[in-house]
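Enquirer: Below you will find the structure I want to go over with you.
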Amino acid sequence: MTLIFLILAAITIVGTAAAMSFRNPIHCILGLTVGLVGLAMLFLHLGAQFVGFTQIIVYVGAVAILAVFAIMMTQGGRRLTETATKPQITPSLLVGGTVAGAVFAVLGWAMLGRPSTAIHSVQPVVSVNQIGQLLMHNYVLPLEIMAVLLTAALIGAVILAMPQERGKR
Amino acid sequence: MTTLAEAPPKSTLSPSASNGDTQLLEVSMGPQHPSTHGVFRMDVSLDGETVVKLKPIFGYLHRNHEKIAENETYLGSMPYTDRLDYFCSITNNWAYALSVETLAGIVVPERAEYLRVITAELTRLQNHTCLAGFLMQDMGASGTPLMYAFREREKILDLFESLTGARMMCNYMRFGGCRVDLPAGWLEQAKTVVAAFPKFLDEFEALLNGNEILMARTQGVGVLSKELAINAGVTGPMLRASGVNYDLRKVDKYGIYDRFQFRIPLGDHGDVYDRYMIRVLEMRESVKILEQAMRDLPEGLIQDPKTKVRNFKPKPGEAYGRIESPKGELGFYLVSDGTPRPYRFRVRPPSLINLTILEDMCLGRNVADVVIILGSVDIVMGEVDR
Amino acid sequence: MLGVGILKGLTETARNFVGSYFRKDRLTTIQFPEERAPRIEASRNFPFLVYDGPDAMAGLRCVSCFICEKECPPKCIIIDKSTDKKPDATGKLQFYPAEFKIDVSVCMSCQICVEVCPFDAIKMDTDFELSTQNRFDDLLWPKLRLAKSNEYYHEIHPTEAAAVDADLAAARAKAAPKPAAPVAPVAAAAAPEKGTTA
Amino acid sequence: MTPDTVDQIFVISKHWLLGYVPAMLQPLASAVLSVVPVLLAFPLLFAITTVLERKGLGRIQNRYGPNRVGPAGFFQFAADGIKSLTKEDVVPRDADQVVHFLAPLLLVIAAFLAYAVLPIGRNMVVANLDAGLLYFFAVGSMVELAVFMAGWSSHSKYSLLGAMRAVAQMISYEVPLVLASIVVVMASGSLSTVAIVEAQAGYTATLPHWYVFTPWGFAGFILFMIAATAESNRSPFDLPEGESEIIAGYYIEYSGFKFALFFLGEYLGMFATSALAITLFLGGWAAPFSFMTWIPSYVWFFVKLLALIVFFIWIRGTLPRLRMDQLMGMAWKFMLPMTLLNLFTAAVWHFLPNPLLRWPVCTALVVVPFVVLSRSMKQGKTLQVRTYRYAE
């Protein structure tokens, strides 16, 4: 069990590290994808099928593709040779470091704050059915709010992308 | 737009940054491209997939046809005209023969005129079927309509072979007539082929005409306005699809076309669908002409006996002979200085002139549209580049 | 309604699919090496030289008059005229081609050489299986390769060959009383040429 | 042997083989024994399909199709495979070598992974996942990445155009694909493919309870098949390849066996989506009539699969290809509303227990929007068969 966990963790870490260290943005995205897939597999390993597969559908199938498209459209996939040549202490690095530190601090606090036995406890069996029940009963209002929000975003995107000649005619 | 010519950095993808607002992708379609109908090239500038600039580049198949003809006897140029528009060698022959006959004042016997009409209209049938097939091929129909078109074309080519000896390079017309008379049984065979043709057209139209995808792809695409078509000198089915009633068979009444009852279909929109449909309808009219011509075919000479085969020297002068080839007005302009070779030989190729307005039809359309617009122009590179 | 045209097209292709199993006109392919299309008599490919009698080189009708070489549009015929005269198939002394070559890679099968030949010496062949390994020498056909018998000519173009033979026989019969006159066969043979092509 | 033994022969033999494996290795051996047959069967089906497709297209086009290699040309696939294996593998100099190499692999792997949740026969599924349907779509979304990698890494304009088209098309059609299959999830109450097949089990007077025999199921099936055609880049949605426009699209710069891998990946994707359509709407491995249940379940599965493949080939032999904007318009303006309405129809079906009422209501709910939408699509473009005037 731990061996599988270690492999998956290694995949995730290598993927995300690659995402940070490659120079070609497309390669970074591909590295990030590997990291995301590794994360999804960690979810699956924990028995959370729904979350794992949703992670792949959303992040690999949509977000990574979207990022790739964005990079391709804006930069043409050109290598960023002029940037990131040497690690320099820049404001961005500072901000990034702070955020990373904060995240790690929170995670560490959460893990250390709990009794260590929690990790070895029996895996909760969460079926898709239960998730559906929860979404449709307890959390139906948040779900609907999210749906409205996303619909609004969708309409906004459509309006933004609409050809502008319509007004001229 | 200004930096288009600048070579992109080696490792980048092709979109070269232009004015910062849009990125243009310059794609060279051809000369090796499956749907440029030969060695034709279009330098297309794309914004996304929208064409913002299209530069047709031809000349890859240039063979010096006109200059060769000026160093060749009048008869010797006849087989070369086969190779202009290799789909319609017989109409090419006819246009050339017509101009030489005008130059030398040769009278063509009646039977020969009928034979010319019959073979030329058969040529029109096979050209138009193949064009429709190729157009569908460009639209991605995996060859099915094209194969049906070829199936019918083979029958007509068989007729050509048994009459002229060759399927495509017929070399059939001679000054003052035709080279050979009909072999035994040819007319009956031709009658069966022509009689079966409308049935094939019905099938073909059932396969395609009402097809929603075809309509969506072709209607409103590549619109050519009446004015532009006239100004650009566009001729043939393309011009008629734009709604201009101009068919040399009616205007010039060359040969004996005034003896036949037929109508000229005209389009109202001038888009790809109209160009396709006009050709289909023209085929039906051609079948009518063929039926009448085969019915009325008289007996008699097929060759003006006074015209010499060798040492043919027309009087000094000039002549322009033109016919309605399946692609448009095909004309030959000849200047004779009294020697056995023409002093000047000039072809008016309908394919080339119809191609000149390609960019006007393609601007603002997609790559996919460019391909079918080009397909609907009906070009043969042998004629465009000569 | 959307889809009706598509359904119509689908029935059409289905008809052809089923028809290809039952009807010959829906399956037009001819499986070439095993099957062959029926020969069409008038078809032409590249020229050949006709000879009479058993000996190919002695019986060539060609008298190397250079007309075909001159008239050939792509200039693919190369003739070397002989210096001496040899008796032809009828026993008359004639010039003969010391070498007669056709560059078939240049030839465009227009058959103008056939039309202008006053001696019916050059005709169009129908053999199309001509692939070679060598694109230069093997496509420059010498006299030996070009020479084919009159019987072969009869075999590939029976109607035309019969007419030519009749015309030649008539010409010879006409020319027989005056065998010494060299001009007569030329003039006489020129006229039948019309008959064969007309 | 009883029909039941024949039906379960693969399951039985697997268990029999597992008996010889030490207990510690049994999970691994079980996985291998489940996976290997799938890895063998579907590439073989791919090989057969290439021949069938070429022969079928040939017949549609009045020709024979391949008929030289083996009896009636049936071993053409072997010749093609050997050819593509022995061909030179050309990689463009400017290509991104690593990504260029990985793209076909990822495509084929993703295509193969999808088969894990497809029930090929009774008790014959590699992994009976609780969220099987979700797994299928998750794996399917990796195909897009592979396609993009192929198009981008080749550094060719045509391949880039093809990749953009392909990815845009696949993302757009994934939405109707998922929405069309959700009606089945609503009806069966499960995301597990095995449970979905079981929900369609049973017969009413020899006729099966397949979802395709309900108004929403029929509409869902048609919509699913249209979306599946687009997802697998088949004609008339084969724009990413578009050989007359962008030559071969994203795999234009591939040669040799990598090219063959793309082909394999595409066909495997097509089989997988067809198999999913069978699972969702056509009762999976179930026999169409109750008196035919003695025929083994896997036979039914493959018969249905072949029928769908034949339909794909037929479509390909008939239709020209759509244009990019029309394709997108179709996805968002036709497929999406129709699938959403179909969800509503399925819900109505669920809450109207009276068969006399729910049949006409649901049929109307399917047919009326279709007519209205197709009218509006045609009127927007004023598409029509035109009549022409003649000049004398």
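The values are calculated or read from the model by the stated rules, or taken from the named source; none is laboratory data. This one's a predicted model, so the numbers in the text were calculated from it and none came from an experiment. Neighbour counts run over all protein chains shown; Cβ positions are idealised from the backbone, glycine included. We work out accessible area using only protein heavy atoms, side chains counted, and drop any ligands, DNA or RNA first. Shrake-Rupley method; radii C 1.70, N 1.55, O 1.52, S 1.80 Å.
Enquirer: Mind checking which aspartates and glutamates have their Cα closer than 18 Å to the Cα of residue D:333? Skip sequence neighbours fewer than 8 apart in that chain.
Expert: B:212, D:174, D:231, D:325
Enquirer: Tell me the mean residue ellipticity at 222 nm calculated for chain B from its helices only (DSSP H runs of n ≥ 4, each -39500 (n - 2.57), averaged over every residue, nearest 500).
Expert: Here the helix-only value at 222 nm equals -14000 deg cm²/dmol.
Enquirer: Tell me which chymotrypsin sites (Phe, Trp or Tyr not before Pro) from the stretch D:291-392 have a DSSP coil assignment and no more than 13 other beta carbons within 10 Å of their own.
Expert: Loop-located and lightly packed - D:294.
Enquirer: Arrange the residues D:293, D:206 by how much accessible surface each exposes, largest first, with a 1.4 angstrom probe.
Expert: D:293, D:206
Enquirer: Output the pairs from B:313/C:86; B:67/B:327; B:191/B:250 with a Cα-Cα distance over 32 Å in this structure; if there are none, say none.
Expert: In this structure, B:313/C:86 exceed 32 Å between Cα atoms.
Enquirer: I need the shape label for chain D. Rule: rounded when a/c is under 1.5, else prolate if a/b > b/c, else oblate, with a, b, c from the alpha carbon gyration tensor.
Expert: Verdict is oblate for chain D.
Enquirer: Angle, helix B:272-296 long axis vs. longest principal axis of chain B, Cα atoms, 0 to 90°, nearest 10?
Expert: Roughly 10 degrees between the two axes.
Enquirer: Of B:301, B:233, B:325, which is farthest towards the positive pole of chain B's charge dipole, taken about the Cα centre with +1 and -1 on the beta-carbons of Lys, Arg and Asp, Glu respectively?
Expert: Going by the Cα projections, it comes out as B:301.
Enquirer: Rounded, prolate or oblate for the stretch A:1-80? Axes are the square roots of the Cα gyration tensor eigenvalues, ordered a ≥ b ≥ c, and the cut-off for rounded is a/c under 1.5.
Expert: oblate
Enquirer: Run the dipole for chain C about the Cα centre, Lys and Arg Cβ at +1, Asp and Glu Cβ at -1, nothing else charged, and hand back the magnitude in debye, nearest 20.
Expert: Once rounded to the nearest 20, the dipole reads 360 debye.
Enquirer: With helices defined as uninterrupted DSSP H runs, which ones in chain D have an alpha carbon span along their own long axis of at least 18 Å and mean Kyte-Doolittle hydropathy of at least 1.6?
Expert: TM-like helix candidates: D:97-113, D:297-318.
Enquirer: Related question: Along the charge dipole of chain D, Cβ charges K/R +1 and D/E -1, which of D:216, D:118, D:139 sits furthest on the positive end?
Expert: D:216
Enquirer: Before rounding to the nearest 500, sum -39500 (n - 2.57) across all DSSP H runs of length at least 4 in chain D and divide by the residue total; then give [θ] at 222 nm in deg cm²/dmol.
Expert: Numbers: 14 runs with 253 residues, N = 392.
After summing the helix terms and dividing by the residues of chain D, the value is -22000 deg cm²/dmol.
Enquirer: Which whole-number percent gives the relative contact order of the stretch C:47-153, counting Cα pairs below 8 Å spaced six or more residues apart? Walk me through the intermediate numbers first.
Expert: Values: 201 pairs, mean separation 39.9, N = 107.
Reported relative contact order: 37 percent.
Enquirer: Let me cross-check residue C:155: its accessible surface, 1.4 Å probe, with only protein heavy atoms counted, in Å² to the nearest 10?
Expert: Result for residue C:155: roughly 120 Å² accessible.
Enquirer: Where does helix B:367-377 land angle-wise versus the long Cα axis of chain B, in degrees 0 to 90, nearest 10?
Expert: The angle comes out at about 10 degrees.
Enquirer: Between the stretch D:12-77 and the stretch B:191-270, what is the C-alpha centre distance in whole Å?
Expert: About 50 Å separates the Cα centre of the stretch D:12-77 from the one of the stretch B:191-270.
Enquirer: Contact order normalised by length for the stretch D:58-134, with contacts defined as Cα pairs under 8 Å and 6 or more residues apart; what percent is it?
Expert: Once normalised by length, the contact order is 11 percent.
Enquirer: Excluding residues on the same chain fewer than 8 positions from residue C:81, give the lysines whose Cα lies under 20 Å from its Cα.
Expert: In chain and number order, the partners are C:70, C:92, C:101, C:123, C:143, C:148.
Enquirer: Separate question: By how many degrees, between 0 and 90 and to the nearest 10, does the Cα long axis of helix B:144-164 differ from the longest principal axis of chain B?
Expert: That helix lies at roughly 30 degrees to the long axis.
Enquirer: Under unit Cβ charges (Lys, Arg +1; Asp, Glu -1), what dipole magnitude, rounded to 20 debye, does the stretch B:44-105 have relative to its Cα centre?
Expert: I would put it at about 160 debye.
Enquirer: While we're on this one: Give the lysines whose C-alpha is closer than 21 Å to that of residue D:83, dropping any in the same chain fewer than 8 places away, or say none.
Expert: Straight-distance partners of residue D:83: D:55, D:258.
Enquirer: Suppose R0 equals 30 Å; then what is the FRET efficiency for residue D:30 and residue D:209 from their Cβ-Cβ distance, rounded to the nearest 0.05?
Expert: Efficiency, from the Cβ-Cβ distance: 0.40.
Enquirer: Between residue A:95 and residue A:66, what FRET efficiency follows from the Cβ-Cβ distance if R0 is 35 Å, with the result rounded to 0.05?
Expert: 0.90
Enquirer: At 1.4 Å probe size, put A:131, D:196 in order of accessible surface, largest to smallest.
Expert: A:131, D:196
Enquirer: Taking a ≥ b ≥ c as the square roots of the eigenvalues of the Cα gyration tensor of the stretch D:33-99, is the shape rounded (a/c under 1.5), prolate (a/b larger than b/c) or oblate?
Expert: Here the stretch D:33-99 falls in the oblate category.
Enquirer: First measure r as the distance between the Cβ atoms of residue D:9 and residue A:146, then evaluate 1/(1 + (r/R0)^6) with R0 = 45 Å and state the FRET efficiency to the nearest 0.05.
Expert: Step by step, r from the Cβ atoms, then E = 0.35.
Enquirer: How far is it, in nm, from the label point at residue D:310 to the one at residue B:60 when both lie 7 Å from their Cα along the line to the Cβ?
Expert: About 4.2 nm, to one decimal.
Enquirer: Have a look at D:269, A:26, C:28 and report the one farthest towards the positive end of the charge dipole of the protein assembly as shown, computed about the Cα centre with Cβ charges (Lys/Arg +1, Asp/Glu -1).
Expert: The residue sitting most towards the positive pole is C:28.
Enquirer: Say each of residue D:390 and residue D:357 gets a label point 7 Å from the Cα, pointing the same way as Cα to Cβ; how far apart are those two points in nm?
Expert: Taking the simple label geometry, residue D:390 and residue D:357 are separated by 5.9 nm.
Enquirer: Relative contact order for the stretch B:146-243: what percent, with Cα pairs under 8 Å and sequence separation of 6 or more?
Expert: RCO, the stretch B:146-243: 18 percent.
Enquirer: Only loop residues by DSSP count here, and only those with at most 15 other Cβ atoms within 10 Å; note down the GluC sites (Glu not before Pro) in the stretch B:251-343 that meet that.
Expert: Working: sites: B:282, B:285, B:291, B:299, B:318, B:324, B:329; in loops: B:299.
For GluC sites (Glu not before Pro) across the stretch B:251-343 that sit outside H, G, I, E and B with at most 15 neighbouring Cβ atoms in 10 Å, the list reads B:299.
Enquirer: So, one more: Could you tell me the largest-minus-smallest coordinate of the C-alpha atoms of chain B on each of the three principal axes, in descending order and whole angstroms?
Expert: Largest first, chain B extends 73, 49, 35 Å along its Cα principal axes.
Enquirer: Now for a separate question. Say each of residue D:343 and residue C:106 gets a label point 7 Å from the Cα, pointing the same way as Cα to Cβ; how far apart are those two points in nm?
Expert: 7.6 nm
Enquirer: Using the alpha carbons of the protein assembly as shown, what is the convex hull volume per residue in cubic angstrom, as a whole number?
Expert: For the protein assembly as shown, the hull spanned by Cα atoms encloses 232 Å³ per residue.
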